Amino acid sequence: MLRATVKSLLARKLRLVLSGLAVLLGVMFVSGSFVLTDALGRSFDNMFSSAMAETDVLVAADPAIDVSELEGEAVPGLLRSADRDTVAAVPGVAGVVGEVQADGARVIGADGKVVTSFGPPRFGANWTGETGGLELREGRGPSADDEIAINVTLAELSKLKVGDRVGVLTTKPKQMFTLVGVFGYEGGLPGRGPVHEVRFTEPVAQELMLGTPGAYTSLSVTAAPGTDPAALRDAIRGALGDGYQVQTGAEAAAAIADGFKEALSFFNNILLGFAGVALFVGTFLILNTFSIIVAQRTKELALSRALGASRRQVIGSVMVEALVIGLVAAVLGLAAGVGVGALLAEVAASFSSLVLAGIGLPLAAVISAFVVGIGVTMIAALLPAVRASRVPPVAALQEVATPDRPLTKLTVSGTVLGALGTGAIAYGLATDGDAVLWLLLGGVLAAFVGVALLSPALARPAVSVLGRLFSWSVPGKLGRLNSGRNPRRTAITAAALMVGVALITGVNTIITSADRSLRGDATDAFQADLIISGQGSPGMLPTFDEALLPKMRELAGVRSVAAEYNEQAVIDGEPRMATAVTDLPTVVQDFSLVAAAGVLSQPAPGEVVVGESYAADSGLAVGDTVTARLPRGEPTTFRIIGMYQATPFYGGFIFGPDIVPGMRTPAPSFAYVRLADGADAAAARKGLEALLVDSPEMLVEDTGQFLDRELGESAQLLLMIQVLLGLAILIAVLGVINTLALSVLERTRELGLLRAIGLSRAATMRMVTVEAVVITVFGALLGVAVGIGLGAAVVQGLADEGLKELAIPWSQVGVYLVLGALVGVLAAVLPATRAARINVLSAIAHD
Amino acid sequence: MTPAAAPPLTRQRVETAAARATGLWKVYGTGEAQVIALRGVDVELERGRFTAIMGPSGSGKSTLMHCLAGLDAVSRGQVHVGDTELTGLNDAGLTRLRREKIGFIFQQFNLLPTLTAEENILLPLAIAGRKPDQQWFRTVIDTVGLGDRLGHRPSQLSGGQQQRVACARALVSRPEVIFADEPTGNLDSRSGAEVLGFLRRSVTEYGQTIVMVTHDANAAAYADRVVFLADGQLVAELTQPTPESVLDTLKSLDRVAPAGAEH
Ligand SMILES: Nc1ncnc2c1ncn2[C@@H]1O[C@H](COP(=O)(O)OP(=O)(O)OP(=O)(O)O)[C@@H](O)[C@H]1O
Ligand SMILES: [Mg+2]
């Protein structure tokens, strides 16, 4: 039986290559993401262990705000000079270097604009000499308080030269410095990773970056010769007591690298998610290929049954075929994955000044490649294999007219699964907790499989309606009839395309609805005439000088200016965003906030207002107190004086300015400006811009401009998701090519006959193309319908969170349908060419 | 290879020839695997006549028919259908020729399974973008006796009915010539007789030209003329054949020309 299997494998190279390709692409994505994160992870390890090479023990304070990457931004705690003295006094300590380092040192480049970074931090630090691998490349380190040195990365981006006067924005408003040096790191690196670095003298760094004289973020301890770092670590720990994190240099390096790796694993999970979608689509493709192969081999299988093969042997022969394809696809996919992972790692390394630690083959990549590759193929082949085993031996003797098996079972189970999926989604959206993600995922998956099962029943009417569009020509009509010939085959092929299109449409519907809701709310609620806000790097809200507020209020035509401050905080033990405003009644008006309980007057010191749903979740009521701790402040209690109905702009705690001194950057990040009636808006805007000249990150915009910019980011997100889901669509296209190629092969005689009675080559190609287009448009239609359904369900479920309006992106839905048709035309090229080349004589050859 | 001079059986050129081959050679493959299927065939098929081609298996009957119909390229010599010379036509030209001047009936697999009998019959006209002549269509349908079966798909028709649909399809566009390769090869004698009777009538009553390859002496007896092939050459001819005369000629051929003269 095995030899027969191998022979039949070889005889069907093309279709196997195509279905194997789907698995290969999925495996490539999976193993590639593992290879990438492994290579980058080890590179981070190397980078931080070389950074810590001269540090035997590293001392830090417990974080002021300890949150994970996903919850917000962790805020490190501060060490004082007293701590440094304590550590220096521990026996075995040879030296202590106090280090100051914090994100948020924004340099104004030679072009007068703030040098932006798209993610990596912009560190401000103290100059500690050429230690820890730091090497001066030009000039010297800062020795006076108005001197700085910057790293090569930043020097290149900012185009600043040694000797230039440089403006730097920190937690304090802009200050001017003289650039006295440019430094890099050992190994010729421009920086440690892609970070920007500004080095000040120690007191300046403490003042500007930490807002606290004499404070450090860490102490780097060198041990006296002969002292064991671990023993020294324990001694220092004993001397300092609670509230500190004391690690050996090696431990610290690993801990920092782990932080980066956590971010990497998040990225890895996203890639794996897309790989999952690709493999899901690939499953349809393999299922379809095997079904067709089994159908075409009915006679052969029946013959082997007649000759005495058992059912088990028939199933075995199909499964062995699947195993071989899965194995080959896994091996090739793994190889391709290593290639892709290596390529991406090179690209990432060159963009982020990382010394690549070399490409490895992590075990996770190998295991997942084989598990996924073989598993997916075998699972997909199981159903066709069982069907093959049910072929009765008499089929060998009969002229097989594959009977139209009834679709009732499929339709019923599809409906049930679809309903279950929808239910799971609805339930998932309505509840909170850890299960939500799984409920949603499972629901979407069930809905997809449900629709896929329903699609054969839908295929007949859909194909006949769609086909009418083409029926005006003979090839068109024949193509339409062909696509309606085998509803299951058409349906599975279309369903594969449906998945990708549905996901894209769903995401688009959600984003469009969010956009529309926000915009709708904004137009209704936004009463401010001008908004001052910053355009910074992600995670860092730019700020401007508080001292400008009174000057703004004095400008001609300006009626009121309400400033808003934002900071990460811990409130009743939970990490929360804390907002402070100078003038709550104005903000209430500007954003049409509605009181739900209590009053919305400006909170006095020790008072706070909170969003209603937020309060309800935490069981808070007006009159209750909460304890809030800001990064640079002590825990303080606040009394709730009012509650408001949440909007997309406000939902949490709003304090008075009494919390501002506890912020790392005690400066406003937003201001809402109202103009006097009949004021000259353009002039007021100019006046505001002139005042903000030292804060080049701040923009003065009207509501429309502000929203366009804020929402522009969602368009980028959408684009990225579309590109990644494109892979799923690519695989679906492979499926269409496969189905068509098989159909053409099956119909060699029919095509020959048509050619014999006068169908031209071009018309033959048109016929196959129509068949393809009918399939892909059907798939795109299904996808659009399911996508809108899923999107609508999510929007409905998030209505409480401010997604009030369901907006269906009709024009883009139209684009998807047109693209669906185009994809059909593309997929048809090869099979159609093949069909047109069919020899007329092959119709007559009696074999 | 030296072309053996075949005796020209139809010497004078008939003005009304529907199809004509002159000095036709057909060679398959090269070198060791070379097979000469036709070696210098001259044949003329008169308009309005029913010609049968007979000969032992492998003698080149199908090959001759394919060459005459423009389905296969010739190695040497010329083929005319009507006054169109086939040699030198490209695919588009051959397609047009098949559309306008030729009808086919194959031994099996004549019909598209997705179309009804009527749609199958009208398919050549639809492909050519021509309107069917309703009266002629009715006449053809009545002659084949398929009036009540027009809405059925091929899978719902018997083998004989399917062949009659194929005949109707070949007839409905009134081609210059209809080529039929063993059209009754898969049928029992009764269904075969129905199909042959129908072909005969379409020649007698409507002046259709038909060329039919067959192994069956009884089938050949329906024709006006039988030409005999052996080893790629025309070796005999009968007019007004009867089953007996056809069988006699076949027997004498076995003696005269032993098959398998490849070299
Ligand atoms: N495509 C081909 N390639 C090679 N040789 C071929 C090909 N087609 C036919 N032949 C050879 O040409 C010769 C004539 O074949 P042809 O099919 O014309 O015979 P036939 O008289 O129709 O036989 P039958 O009565 O069995 O149908 C045979 O020897 C055959 O093997
Ligand atoms: Mg033959």
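Cα centroids of the range B:18-47 and the range A:519-586: 93 Å apart.
In the protein assembly as shown, the calculated helix contribution to ellipticity at 222 nm averages -17000 deg cm²/dmol per residue, counting -39,500 (n - 2.57) for every DSSP H run with n ≥ 4. Entry note, chain A: relative contact order of 16 percent, from Cα contacts under 8 Å with a spacing of 6+ residues. Within the range A:57-248, antiparallel bridges make up roughly 75 percent of the DSSP beta bridges whose residues both belong there.
Rounded, prolate or oblate, given the Cα gyration tensor of the range A:302-346, with a/c below 1.5 counting as rounded? Mind showing how you got there, number by number?
Details: a/c = 8.68, a/b = 6.44, b/c = 1.35.
The shape class here is prolate.
Antiparallel beta bridges, as assigned by DSSP with both residues in the protein assembly as shown, represent about 70 percent of the total such bridges.
Report the far tail of the P(r) of the range A:670-820, meaning the percent of Cα-Cα pairs longer than 21 Å.
Of all Cα-Cα distances in the range A:670-820, 68 percent exceed 21 Å.
Solvent-free Debye calculation, one equal scatterer per alpha-carbon of the range A:57-248: log10 I(q)/I(0) at 0.12, 0.16, 0.18 Å⁻¹ equals -0.62, -1.03, -1.21. In this structure, residue A:307 and residue B:201 have a Cβ-Cβ separation that, at R0 = 45 Å, corresponds to a calculated FRET efficiency of about 0.40. With R₀ set to 56 Å, the beta-carbon distance separating residue A:438 from residue A:110 gives a calculated FRET efficiency near 0.60.
Within a 10 angstrom radius of the beta carbon, how do A:19, B:57, A:317, A:455 rank from fewest other beta carbons to most?
Working: A:19 29, B:57 8, A:317 22, A:455 26.
In increasing order of surrounding Cβ atoms, one gets B:57, A:317, A:455, A:19.
Ranked by the mean number of other Cβ atoms within 10 Å per residue, highest first, peptides A:740-750, B:162-172 order as B:162-172, A:740-750. Cβ-Cβ distance of residue A:547 and residue A:415, R₀ of 60 Å, FRET efficiency by 1/(1 + (r/R0)^6): the value works out to about 0.35.
Across peptide A:692-701, what mean number of C-beta atoms from other chains lies inside 10 Å of a residue's C-beta? Spell out each step's value before the answer.
Working: counts 0, 0, 0, 0, 0, 0, 0, 0, 0, 0.
Counting other chains' Cβ atoms within 10 Å and averaging over A:692-701 gives 0.
The mean number of Cβ atoms from other chains found within 10 Å of a Cβ in peptide B:68-74 is 2, as a whole number. A crude spin-label estimate for the pair residue B:133 and residue A:228, with each label 7 Å from Cα along the Cβ direction, gives 11.1 nm.
May I ask you to compute the full-extension gain from residue A:165 to residue A:833, defined as 0.36 nm times their residue separation minus their alpha-carbon distance, rounded to one decimal in nm?
Net length gain for the segment: 233.7 nm.
Enter the mean number of other protein chain beta carbons within 10 Å of the beta carbon of each residue in A:481-489, as an integer. Display every interim value, and only then the final one.
Numbers: counts 5, 2, 0, 1, 2, 0, 0, 0, 0.
Whole-number average of other-chain Cβ neighbours for A:481-489 is 1.
Averaging the sequence gap over all C-alpha pairs within less than 8 Å and six or more residues apart, then dividing by the number of residues, gives the range B:46-96 a relative contact order of 19 percent. Cβ-to-Cβ counts within 10 Å put A:713, B:176, A:99 in ascending order as A:713, B:176, A:99, the fewest first.
Between the amide H of residue B:18 and those of B:45, B:46, B:47, distances stay under 5 Å, these residues lying 5 or more places away or on another chain, with hydrogens modeled in the peptide plane.
Can you list the equivalent-ellipsoid semi-axes of the protein assembly as shown, largest first and in whole Å, using the square root of 5 times each Cα gyration tensor eigenvalue? Could you put the intermediate results ahead of the total?
Details: eigenvalues 1378, 217, 143 Å².
Listed largest to smallest, the semi-axes of the protein assembly as shown are 83, 33, 27 Å.
Compute the Cα gyration tensor for the range A:172-257, then decide on rounded, prolate or oblate, letting a ≥ b ≥ c be the square roots of its eigenvalues: rounded whenever a/c is under 1.5, prolate when a/b is larger than b/c in the other cases, and oblate in all that remain. Verdict is oblate for the range A:172-257.
Please work out whether the range A:115-220 counts as rounded, prolate or oblate from its C-alpha gyration tensor, where a ≥ b ≥ c are the square roots of the eigenvalues and a/c under 1.5 means rounded, while otherwise a/b larger than b/c means prolate and anything else oblate?
In terms of gyration-tensor shape, rounded.
For helix A:810-836, what angle does its Cα long axis make with the longest principal axis of chain A, in degrees from 0 to 90 and rounded to 10? The two axes meet at around 40 degrees.
Once you reduce the range A:604-674 and the range A:719-778 to the center of their Cα atoms, the two points are 61 Å from each other. Among A:271, A:327, B:123, the order by Cβ neighbours within 10 angstrom, fewest to most, reads A:327, A:271, B:123.
Scoring A:145-154, A:407-416 by mean Cβ neighbours within 10 Å over their residues and listing the highest first yields A:145-154, A:407-416.
Bear in mind that the values in this text are calculations on the coordinates, not laboratory data. Bear in mind that the values here come from a model prediction, so they are computed numbers and not experimental data. Backbone-built Cβ (ideal geometry, glycine too); neighbour counts: all protein chains shown.
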